[in-house]
Structures are given as C-alpha cells and as structure tokens.
Amino acid sequence: MSLPDGLQTIDYSAFEGCSSLTSVSLPEGLQTIGASAFKYCESLTSVYANMKVPAQMEQYTFGDNTTQNATLFVPVGYIYTYMNSKWKCFKNIKEFGTLNTDDLITNQVAVNVEAAGTLRSKIAIEDKFRITNLKLTGELNVDDIMLIREMAGCYYNDNGDKYDGHLQHLDLSGAKFVGGGEFAVYDGSNSNTAKFTNNAVGDYVFYALESLKTIALYDDLKEFGSSAFACCKNLTSVSFPRLLTKIKDSAFVGCSSLTSVSFPKILTEIGGSAFAGCSSLISVIADMKIPAKIEENTFDTETVLDATLYVPQGCIEKYENADYWRYFQVIKEIGTQTGIDSATTSDDVKEVARYGINGQLLNGPTKGVNIVKYSDDTTKRVMVK
C-alpha cells in the first residue's frame with residue numbers, strides 16, 4: 001500500500017488491526033503518525049519511509065511484531081538519522097536507492113575537530129555518504145572513528161548490511177587519537193571487536209572498509225594492531241608513521257590492491273600473515289638497518305618471489321641472512337646516499353607502471369619519488385624534479 005503524496009498526518013489507530021497489510025510506503029512529506037496507527041498489522045514485512053526527516057511517532061505506533069520482524073527501508077544516507085530517532089525501535093533498518101555518482105563530493109573536504117567526539121556535528125547529514133576525500137585535523141576519539149567507518153561504507157550488522165559510504169581518501173596526518181574504547185565491527189556474518197587507543201591504530205579499527213583507497217597517518221603512532229586494515233580490498237596506499245615500531249598479526253591481510261609498502265627506520269617487528277593476501281605487492285621498502293623480526297608467513301610466497309625488497313645501502317647481506325627476509329628473491333639497495341636510483345633502460349625495456357612512494361598508481365611522471373616498474377620485471381625508484 002502506497003499512501004498519497006502530500007499526506008502529512010496519519011491519525012491514531014488509522015490502520016489498527018489491518019492484519020492482511022504486508023507492505024506500506026509512507027510519503028516524503030509525512031510529519032506525524034499517531035499512536036497505534038499500525039498496531040496489530042501482523043502481516044507487515046516491509047515499511048518504506050520516504051521521509052528524509054523522520055516523522056514524529058508514538059511508542060506504540062507499530063506493534064512489537066512489526067518492529068521486531070519487519071524491515072524498515074529509509075532513504076540512502078539517512079540510516080543513522082533513523083537509528084537515532086524513535087524509529088530505532090525497528091530491529092532491521094536498511095537503505096533503499098543509491099547515490100548517483102554526480103551527487104558525490106570529489107573535492108577534498110577539510111575539517112578541524114577542536115574537541116574530540118564532535119566530528120559528527122561538523123559533517124552535514126546529507127553530505128556524510130557523499131564525501132570521497134576527507135582531511136581531518138585536531139583530536140579524534142572512538143566516536144569520531146566510528147563515523148569515519150560509516151562514511152567509508154562499513155558493515156553495521158552480521159547480516160551483510162552496510163552503509164552506503166563513498167569515502168576513498170582519508171588524510172589523518174594532522175590529527176591525533178585521544179582516549180580509548182571498543183566497538184563491534186562486521187564483515188558479512190563475521191563480528192569482531194575493534195580496540196581504539198591513543199598511540200596506535202588498534203585491532204580492527206579500519207577493518208573491512210571496502211571503499212577506502214588511501215590513508216595518511218600522523219607520525220606519532222607506534223603500532224598497527226591485529227587486522228587494523230584487514231579486508232580493505234581497495235586500499236592502494238597507506239603511510240607508515242615515522243615512529244612505528246610494531247605491525248601485529250594480519251594487520252593488512254586481504255588488502256589485495258596494495259602495491260607498495262615503505263617501513264620506517266625504527267620498525268622492529270611484523271607479525272604473522274601481516275601482508276597475506278596482498279597479491280598486488282611489487283615493492284617492499286625496508287628502511288631499517290637492522291632487519292625487523294618477521295614470521296615465515298608475514299608475506300605470501302608470491303610476494304617474496306615476485307616483489308622487490310629495497311634495503312638501506314650496505315645492508316643487503318644482513319637481509320640475505322635474516323630469518324625469512326632472505327626468502328625474497330630480489331633484494332636491492334634503496335639507492336645511493338641520496339636514496340634515489342637514476343632510471344636507465346635499454347631500448348627493449350619499457351615502463352609498464354608508475355607508483356608514488358606510498359604505492360598510489362600514477363598517471364605519469366610526478367614530482368618527487370616515483371617507483372617505476374619495467375617490462376623486464378625490474379623496479380626502480382626515480383626522482384622527478
């Protein structure tokens with residue numbers, strides 16, 4: 001049953017006892033629904049709320065059978081609005097419709113968060129799922145991280161339902177994590193507990209954010225937790241903080257689009273399966289003069305056979321004799337004292353791909369350090385001035 005456009009009020013008990021009613025579509029301009037309006041509508045399985053501003057309703061507008069068993073469908077981008085209104089009595093809330101790509105905000109949106117926990121008040125509801133490029137400065141707490149996850153299209157239950165977020169590029173280089181906390185994260189039918197802390201990207205914090213492509217982090221972070229970025233299957237680039245010392249088990253497992261990683265000088269430990277399933281890795285830059293402790297399965301067999309491991313000048317022998325690093329078939333020095341190799345190729349060798357220092361695919365020569373892959377499977381770091 002579709003109610004007419006222009007309808008603003010449904011009076012109390014209007015459809016009470018309509019036991020054969022299976023579906024109802026409420027018009028966009030609806031403002032008020034009275035008590036018991038749909039009580040004892042035991043066959044209701046779907047309620048379509050077309051209102052971007054949830055209509056005012058009473059506690060018993062819908063019966064318990066409906067709120068527990070029917071699905072409430074709301075406009076795309078407004079699920080959180082309904083979850084924080086009286087409509088939250090519905091156990092199952094899903095979005096209908098999709099955002100047109102013309103509606104997306106592709107320019108970078110910069111937000112300064114003066115007080116931790118206030119990010120949600122700074123992002124307009126109608127923009128939350130339209131933003132594709134976000135730069136944050138200031139202090140962020142667990143509530144802010146949860147909003148970022150929604151904007152990046154995270155799953156929100158174990159039924160495989162997810163937010164229609166489109167956040168692709170996230171710059172946190174000028175931000176700082178404060179406080180702590182835990183929250184549930186999902187990936188289809190899987191549920192895990194994320195652990196947020198102020199000196200690390202904690203366990204599962206950025207887990208299964210399928211729209212996320214690049215993330216820049218601030219330098220004071222010391223640890224990447226277990227599965228911190230796991231199952232971010234479209235992630236191509238992540239900056240590794242200068243003070244990072246530990247990458248825990250499965251931190252990047254399943255990041256199948258990640259092409260290059262660059263470890264900082266003081267990194268001491270990388271856990272098992274940390275880069276398992278990273279099938280696109282072609283360049284591993286290890287800037288540690290003392291090889292970090294790694295496990296036999298830290299990298300996939302395909303990675304150690306096909307990717308190039310770059311190490312500091314004069315450290316090749318150390319890595320060739322270090323547990324599990326020695327499995328890499330191609331180990332080269334990062335370069336001369338400037339850290340850069342000049343690119344010289346024969347006429348038969350052609351460039352096939354070019355990446356930024358953090359692994360982002362480049363359309364052509366770009367100022368700064370470029371990582372160039374050639375048709376003979378060699379890879380070189382090139383400085384473009």
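Among the residues of segment 97-131, write down those that are exposed (fewer than 14 other Cβ atoms within 10 Å of the Cβ), touching a residue at least 12 places away in the same chain (Cβ under 8 Å) and either in contact with a Phe, Trp or Tyr (Cβ under 8 Å, 6 or more places away or on another chain) or over 22 Å from His169 (Cβ atoms) (or both).
Gly97, Glu114, Ala115, Ile125
Is it the case, given these coordinates, that Leu72 is surrounded by 14 or more Cβ atoms within 10 Å (Cβ to Cβ), of a type outside the set (Lys, Arg) and either part of a strand (DSSP E or B) or touching a residue at least 40 places away in the same chain (Cβ under 8 Å) (or both)?
yes
Please enumerate the residues belonging to segment 1-56 that are under 16 Å from Phe73 (Cβ atoms) and aromatic (Phe, Trp, Tyr).
Hits for segment 1-56 are Phe38, Tyr48.
Can you pull out the residues in segment 140-181 that are among the acidic types (Asp, Glu) and either touching an Asp or Glu at 6+ places or on another chain (Cβ under 8 Å) or without any contact (Cβ under 8 Å) to a residue 24 or more places away in the chain (or both)? Spell out how you get there, then give the answer.
Within segment 140-181, the first condition is being among the acidic types (Asp, Glu), and the residues that meet it are 143-144, 150, 158, 161, 164, 171.
Passing the criteria: only Asp164.
Of the residues in segment 247-262, how many are among the polar types (S, T, N, Q) and in a loop (DSSP other than H, G, I, E, B)?
Within segment 247-262, residues that are among the polar types (S, T, N, Q) and in a loop (DSSP other than H, G, I, E, B) number 4.
Residues Ile357, Ile294: which one is under 27 Å from the mean Cα position of the chain (by Cα) and at pLDDT below 70?
Sole residue among the options that is under 27 Å from the mean Cα position of the chain (by Cα) and at pLDDT below 70: Ile357.
Condition first: part of a helix (DSSP H, G or I), touching a Ser or Thr at 6+ places or on another chain (Cβ under 9 Å), charged (D, E, K, R) and modelled with pLDDT of 90 or more. Can you find one or more residues in segment 75-86 that meet it?
Scanning segment 75-86, I find at least one residue that is part of a helix (DSSP H, G or I), touching a Ser or Thr at 6+ places or on another chain (Cβ under 9 Å), charged (D, E, K, R) and modelled with pLDDT of 90 or more, so the answer is yes.
Looking at Asn198, is it at pLDDT below 95 and among the polar types (S, T, N, Q)?
Spelling it out, Asn198 is indeed at pLDDT below 95 and among the polar types (S, T, N, Q).
For Ser23, are the conditions met, namely being free of Cβ contacts under 8 Å to residues at least 60 places away in the same chain, under 30 Å from Ile131 (Cα atoms) and surrounded by fewer than 19 Cβ atoms within 10 Å (Cβ to Cβ)? Give the steps one after another, and end with the answer.
On the way: free of Cβ contacts under 8 Å to residues at least 60 places away in the same chain: yes; under 30 Å from Ile131 (Cα atoms): no; surrounded by fewer than 19 Cβ atoms within 10 Å (Cβ to Cβ): yes.
For Ser23, the condition - free of Cβ contacts under 8 Å to residues at least 60 places away in the same chain, under 30 Å from Ile131 (Cα atoms) and surrounded by fewer than 19 Cβ atoms within 10 Å (Cβ to Cβ) - is not met.
Quick check on Thr298: is it closer than 23 Å to Leu172 by Cβ and out of contact with any Cys (no Cβ under 8 Å at 6 or more places or on another chain)?
no
I'm checking my understanding of the structure. Among residues of segment 47-69 that are assigned to a strand (DSSP E or B) and touching a Leu at 6+ places or on another chain (Cβ under 8 Å), which one is surrounded by the most Cβ atoms within 10 Å (Cβ to Cβ)?
Among those that are assigned to a strand (DSSP E or B) and touching a Leu at 6+ places or on another chain (Cβ under 8 Å), it is Phe62.
Please verify whether Ile270 is β-branched (Val, Ile, Thr), in contact with a Leu (Cβ under 8 Å, 6 or more places away or on another chain) and closer than 22 Å to Ile334 by Cα, treating the condition exactly as stated.
It is false that Ile270 is β-branched (Val, Ile, Thr), in contact with a Leu (Cβ under 8 Å, 6 or more places away or on another chain) and closer than 22 Å to Ile334 by Cα.
Could you say which residue among Leu309, Leu305 is modelled with pLDDT of 95 or more and either under 15 Å from Gln329 (Cα atoms) or under 22 Å from the mean Cα position of the chain (by Cα) (or both)?
On the way: Leu305 fails: modelled with pLDDT of 95 or more.
None of the others qualify; the one that does is Leu309.
Tally time: how many residues in segment 264-276 are out of contact with any Asp or Glu (no Cβ under 7 Å at 6 or more places or on another chain) and surrounded by fewer than 21 Cβ atoms within 10 Å (Cβ to Cβ)?
3
Can you name the residue in segment 300-322 that is closer than 19 Å to Ile266 by Cβ and not aromatic (Phe, Trp, Tyr) and is also surrounded by the most Cβ atoms within 10 Å (Cβ to Cβ) among such residues?
So, considering only residues that are closer than 19 Å to Ile266 by Cβ and not aromatic (Phe, Trp, Tyr), the one surrounded by the most Cβ atoms within 10 Å (Cβ to Cβ) is Val311.
Could you grab me the full set of residues in segment 160-191 that are polar (S, T, N, Q) and under 15 Å from the mean Cα position of the chain (by Cα)?
Gln168
Taking the stated definitions as given, is Leu134 touching a residue at least 24 places away in the same chain (Cβ under 8 Å) and surrounded by 22 or more Cβ atoms within 10 Å (Cβ to Cβ)?
The answer is no for Leu134.
The values are calculated or read from the model by the stated rules, or taken from the named source; none is laboratory data. Everything quoted here is computed from the prediction, not taken from an experiment. No Cβ is skipped: glycine too gets one built from the backbone with ideal geometry, and neighbour counts run over all protein chains shown.
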